[in-house]
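Undergrad: Before I ask anything, let me first share the structure, which is written out below as structure tokens.
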Amino acid sequence: MLKTIFRTTQFKKDFKVLLRKHYGQAKFQAAVEVLMKQDKQLLVTKYREIHIEGDWLLIYRVEKDELQLVLTRTGSHDDLF
């Protein structure tokens, strides 16, 4: 189980934009809770993504040394890629 969550500056900006677009904060919170409960051994690659809803992505990574979930970016495919 991961211990802490770190939000990058870019993630904070992305999240503010999504809140203004009325994306569901409850769905986002549920996705982060699922990530926090995952076994860190399963997370081998540096960056991973999870589809929260339809075209809404959360890009994250896990810092294994610190048991920390790092939220990197969030938004639609068009916003991120």
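The values are calculated or read from the model by the stated rules, or taken from the named source; none is laboratory data. Everything quoted here is computed from the prediction, not taken from an experiment. We place every Cβ from the backbone using ideal geometry, glycine too, and count neighbours over all the protein chains shown.
Undergrad: Keeping to region 1-19, report how many residues are surrounded by fewer than 11 Cβ atoms within 10 Å (Cβ to Cβ) and at pLDDT 90 or above.
TA: 2
Undergrad: Quick one: in region 3-16, of everything that is assigned to a helix (DSSP H, G or I) and in contact (Cβ under 8 Å) with a residue 60 or more places away in the chain, which residue is nearest to residue 76 (Cα to Cα)?
TA: Pass one, region 3-16, residues assigned to a helix (DSSP H, G or I): 9-16.
In the following step, the residues that additionally are in contact (Cβ under 8 Å) with a residue 60 or more places away in the chain were identified as 10-11, 14.
Values: 10: 14, 11: 13, 14: 10 Å.
It comes out as 14.
Undergrad: So is residue 46 out of contact with any Cys (no Cβ under 6 Å at 6 or more places or on another chain), outside any strand (DSSP E or B) and modelled with pLDDT of 90 or more or not?
TA: On the way: out of contact with any Cys (no Cβ under 6 Å at 6 or more places or on another chain): yes; outside any strand (DSSP E or B): yes; modelled with pLDDT of 90 or more: no.
No; evaluated as a whole, the condition is false for this residue.
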